[in-house]
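The values are calculated or read from the model by the stated rules, or taken from the named source; none is laboratory data. Predicted model only: the values in this text are computed from it and were never measured. Backbone-built Cβ (ideal geometry, glycine too); neighbour counts: all protein chains shown. Please note that ligands, DNA and RNA were not included when accessible areas were found on the heavy atoms of the full protein model with its side chains. Shrake-Rupley method; radii C 1.70, N 1.55, O 1.52, S 1.80 Å.
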Amino acid sequence: MSYEDSESSLPSPFTLTPAGHKGSYDLEQMRQQEEKQHQTFTFSRDLEAARNTNTNAIKRGDAEAYVELNELRGEVWQEMGRWLGYEENLSPATGQWSHPHISYLTFKSLIQLRKVMSTGAVLLDVDESSLSSICQKMVEQLLLKKEIRTTDCDALVAILQRKRRSGSMSSVLLCRDTVDRVEASVVLSGVVENLQKPVVAFARLRDSVVMEGVLEAPIPVRFVFFHVGPSHSGMDYHESGRAMASLMADWVFTLEAYLATNEKDLTNAMADFMDCSIVIPPTEIQDESMLKPIINFQKKMLRDRVHPYDTRLMVGAPTGPGKPREDPLARTGYPFGGMVKDIKRRYKGYLSDFTDALDPQVLSAVIFIYFAALSPAITFGGLLADKTEHMMGVSEMMVSTCVQGIIFCLFAAQPVLVIGFTGPLMVFEEAFFQFCKSNGFEYIVGRVWVGMWLIIIVVVIVAVEGSFLVRFISRFTQEIFSILISLIFIYETFSKLIRIFQAHPLILNYDHLNASLEDPFHPIKKVINITEHPDGNITQHHEIIERAYPNTALLSMCLMFGCFFVALYLRGFKTSTFLPGPIRRMIGDFGVPIAIFFMIAVDIIISDAYTQKLVVPKGLTVSNPSARGWFISPFGEKKPFPVWMMFACVVPGLLVFILIFLESQITTLIVSKPERKMVKGSGFHLDLLLLVFLGGVASVFGVPWLSAATVRSVTHANALTVMTKGPRPQIERVLEQRVSGILVAVMIGVSILMEPILKMIPMTALFGIFLYMGITSLSGIQLWDRMRLLITPKKHHPPVPFVTRVPTMRMHLYTLIQVICLAILWAIKSSAFSLALPFVLILTIPLRMFMTGHVFTVMEMKCLDADDANVKFDDEDD
């Protein structure tokens with residue numbers, strides 16, 4: 001049994017006869033009364049009533065259970081009942097459906113069903129797509145178990161394949177958006193006289209599939225069950241069919257069946273169902289009020305049914321007496337206590353960080369993130385060379401990304417993070433270079449002292465457990481920062497495409513190309529200034545001008561959008577109906593590498609059109625060998641470094657620390673959200689010490705310091721995420737391991753030696769990957785979901801706490817405040833004050849504190865700003 005614990009005024013499930021009735025109550029009387037009533041079955045958006053969503057409905061991922069019971073009537077299978085949370089029965093006399101009601105089962109039917117299930121055939125992960133082939137396999141399994149005779153096989157298969165007749169036409173086919181969230185179970189029961197005894201077979205499909213002509217609606221089928229036998233066996237096949245259908249409509253049993261590895265798991269799940277069922281003694285019930293105490297008793301049984309320590313059955317946040325999840329930001333009160341806790345908590349699963357990498361999905365993630373990390377390293381390296389007069393460039397950037405990436409992934413508490421150079425660090429490097437140049441200081445030496453102060457600062461902060469301040473960075477700030485970074489990726493992608501159209505406009509006539517040259521797409525050198533010296537020598541100053549080439553802009557656009565759309569389509573290919581399941585999932589996992597290689601092939605084939613290629617340095621040399629080497633003397637390279645400046649570098653050191661602290665800690669919060677279902681945990685203190693300490697040491701070698709890159713880290717986590725099967729997949733787990741990050745870092749280092757190969761990659765194909773990263777990283781951000789709700793009719797809003805428990809206008813007001821903050825941050829990023837971006841972002845923390853209690857109530861903020869998207873409330877049953 002189950003009962004809807006809701007504020008909605010649903011009909012009492014124990015309304016058996018009109019009020020005031022004083023006669024006896026029995027099952028047959030109830031059915032006769034319900035068969036006189038008619039209720040059209042529909043998948044409606046009225047979640048509480050028409051969809052019959054109750055506390056016992058399926059909650060495996062995003063799917064609900066729909067069950068159809070078919071009984072053998074003559075030469076056809078007649079649909080006699082259906083379940084979507086509640087039960088509906090077909091009246092053979094009127095052909096009409098009863099009102100939805102809670103299933104009431106006989107104790108005898110459950111006992112008999114459990115008995116025959118213990119000897120029946122159980123097939124798990126059947127890779128078939130038609131009911132006929134599934135039934136064929138089920139009958140063959142019964143024969144192997146000697147439950148039927150050889151002579152019974154063909155006849156039984158023929159009976160199971162007989163035509164099916166629906167109860168009546170309904171509006172089930174109209175609401176396809178709701179059907180997408182449902183998985184079905186088919187239950188067949190009836191009398192087959194030529195069998196010696198009752199037989200049972202149960203099949204679970206590897207992938208749920210839509211079977212034409214089997215159900216009323218095109219709902220994917222996950223489970224198939226049949227129970228048939230002779231009439232003289234004493235078995236009531238109608239009641240046993242209803243009992244099995246009620247089991248399949250129960251979310252705990254269905255989840256256990258979905259996770260079952262053998263027959264014993266199924267019988268144990270059935271025993272659990274019976275343990276939580278209520279038996280009413282054969283006593284005459286005088287009035288329906290006598291049944292009401294059962295409701296509270298049953299609520300208690302349902303609360304005790306799902307134990308918090310059973311992680312397979314956890315729905316939302318774990319509750320109850322189970323061990324709470326350790327807070328990585330809780331202070332210990334002793335020096336370096338937080339870092340020690342990070343090490344103890346994370347390193348106990350160190351070996352599994354390598355064994356968990358033995359999955360093909362990790363290989364696809366490595367290829368994807370390699371290109372996603374290589375191109376920014378080369379791009380930022382080129383920009384850094386321009387801003388610092390080649391004191392640091394692409395070579396230094398790639399060496400830094402490689403070495404620091406390997407060390408970080410080997411020892412970090414959250415190796416899913418991807419470290420790299422970021423925009424705020426680029427702004428700081430430019431500002432610090434201009435300061436040193438204007439005051440006559442050696443910029444590359446000044447960075448050494450900034451790095452030393454970085455080490456001192458981070459040791460002090462980690463010693464006093466300063467990362468606990470991260471707990472004040474709530475979802476309000478995290479989401480603004482996440483969308484800002486995603487929008488930067490999207491904006492920069494289109495900005496680069498526009499610059500290509502400006503450099504290669506669509507005009508009628510282009511300059512003639514000399515095809516006899518080795519590189520017909522050579523740039524033009526234009527003399528802009530001639531200087532005559534007193535000794536008679538002449539110096540010419542040239543400017544490199546990129547020529548406008550035909551078809552370059554159009555091909556670049558096709559490569560960019562082609563790479564984006566192919567990657568996006570293949571991302572969802574694993575949930576499609578094409579090809580067998582394993583092949584489909586493999587193609588989906590390798591979608592991004594396939595898109596990149598496909599666009600490289602297209603670019604090679606179209607050889608007579610110019611496209612900009614990836615530029616990788618040749619060999620392991622510094623960008624400016626005449627000005628520096630691979631080791632930087634802290635006392636000066638070409639001239640002594642001022643002593644007072646050694647101490648003054650604490651100011652820029654503090655600024656760099658704040659930049660790395662904010663970017664890295666917010667990224668860790670985003671990647672480690674509870675809805676990602678990571679189980680190994682994070683380590684804010686340890687990761688901060690590693691990142692900043694590595695940056696400080698890196699400055700001695702004249703290479704850039706790095707931070708956790710938000711979009712690349714989120715994309716890495718997404719690429720390692722394993723989704724559930726079905727039409728609406730949900731996050732099942734994340735492959736938390738170190739191998740992918742290590743391999744990506746190694747490949748970036750090796751790329752310096754792969755210049756002949758990498759120069760074949762068109763940059764615009766990588767632009768498509770940046771666009772893909774920016775758009776896919778928006779998925780799962782609650783602010784983005786609420787921004788879309790601004791233009792979504794209220795009737796289509798999802799049943800989530802920030803929608804159901806917060807008035808719509810209040811929710812929109814909260815969203816608009818975040819959007820305004822986002823616009824302000826974007827304006828600052830685009831201005832000359834971009835270095836102040838982290839400090840303005842910090843101001844959103846006191847803003848959020850002010851809004852709580854002044855603009856929004858505590859309950860509203862709990863719904864809108866909870867750390868866990870599946871927020872739980874005290875008035876909700878677990």
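Key figures
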quantity: Highest average packing first - 284-297, 671-684, 243-256, Cβ atoms within 10 Å; calculated: 243-256, 671-684, 284-297
quantity: If the convex hull is drawn through the Cα atoms of the range 386-438, its volume per residue in Å³; calculated: 90
quantity: Above-threshold pairs, the threshold being 28 Å between Cα atoms, out of LYS673/LYS829; LYS387/LYS638; LYS264/LYS344; LYS574/LYS618; LYS496/LYS759; calculated: LYS264/LYS344; LYS574/LYS618
quantity: Around ALA765: net Lys/Arg minus Asp/Glu count, Cβ-Cβ under 11 Å; calculated: 0
quantity: Solvent-accessible area, 1.4 Å probe, carbon plus sulfur percent, for the range 672-742; calculated: 66
quantity: Most to least packed among 402-413, 140-151 [average Cβ atoms within 10 Å]; calculated: 402-413, 140-151
quantity: Sequence ranges 805-817, 338-350, 446-458, ranked by mean other-Cβ count within 10 angstrom, highest first; calculated: 446-458, 338-350, 805-817
quantity: Percent of Cα pairs exceeding the 15 Å cut-off, where the set is the range 781-877; calculated: 65
quantity: Net charge contributed by nearby residues that have their C-beta within less than 14 Å of TRP77 (K/R +1, D/E -1); calculated: +1
quantity: Long-range amide H partners of THR332 with built H, under 5 Å; calculated: GLY338
quantity: Mean Cα-pair separation over length for the range 781-877, i.e. relative contact order, pairs under 8 Å, 6 or more apart, %; calculated: 33
quantity: Accessible area per residue, Å², the range 781-877 with all protein chains present, probe 1.4 Å; calculated: 55
